[in-house]
């Protein structure tokens, strides 16, 4: 490995640690005086690299505060698969785990882990191919009309047509790291 490559890797790692570290807090005291995050100040995105194990692939869903002030998220996101026309496919993701409150600083990010179960093992029939996900952050409702802030486009997953084949954990502080973060 050359010195240039080593320095480049170190710079990338340092910037990732700097960005991921102080942006979110789980402090209940801080959350008590800070407003809930709204649809207008929350941007949803996802890591496309999944981590598969025992018939389920896990993805990091990210919630970034694009507002000018700190805000809080508490609980579980609502997640479902959508087709090309944006219509729901299958049932929404089930919720697992104990919710907590996360405070997002301005430009801060929190994450939740989405598990997508292998449809060959979970569906009574054949699965359906989704083109994306609709994600509503914890404590929020679906904006009308639904749009870019709540849709993760180009996220091809296969889901069961008539039952839930996804599950989502409660929101946690910090950015989820693809192929590494499990909670």
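The values are calculated or read from the model by the stated rules, or taken from the named source; none is laboratory data. Just so we're clear, the structure is a prediction, and the values are computed from it rather than from any experiment. Note that each Cβ is placed from the backbone with ideal geometry, even for glycine, and that neighbours are counted across all protein chains shown.
Could you check residue 21 against (1) modelled with pLDDT under 85; (2) surrounded by 12 or more Cβ atoms within 10 Å (Cβ to Cβ) and say which number it fails?
Checking residue 21 against (1) modelled with pLDDT under 85; (2) surrounded by 12 or more Cβ atoms within 10 Å (Cβ to Cβ), the one that fails is (2).
Considering every residue within region 112-131, establish whether at least one is within 22 Å of residue 65 (Cα to Cα), more than 12 Å from the chain's Cα centre (by Cα) and surrounded by 15 or more Cβ atoms within 10 Å (Cβ to Cβ).
Of all residues in region 112-131, those within 22 Å of residue 65 (Cα to Cα) come to 112-114.
Those left that are additionally more than 12 Å from the chain's Cα centre (by Cα): none.
Checked against the condition, which is being within 22 Å of residue 65 (Cα to Cα), more than 12 Å from the chain's Cα centre (by Cα) and surrounded by 15 or more Cβ atoms within 10 Å (Cβ to Cβ), region 112-131 yields no hits at all.
Can you pull out the strands (runs of 3 or more DSSP E) entirely within region 37-90 that have at least 1 residues that are touching a strand residue (DSSP E or B) at 6+ places or on another chain (Cβ under 6 Å) and either surrounded by 21 or more Cβ atoms within 10 Å (Cβ to Cβ) or modelled with pLDDT of 90 or more (or both)?
Where strands (runs of 3 or more DSSP E) fall fully within region 37-90 and carry at least 1 residues being touching a strand residue (DSSP E or B) at 6+ places or on another chain (Cβ under 6 Å) and either surrounded by 21 or more Cβ atoms within 10 Å (Cβ to Cβ) or modelled with pLDDT of 90 or more (or both), they are 42-46, 56-65, 71-74, 78-82.
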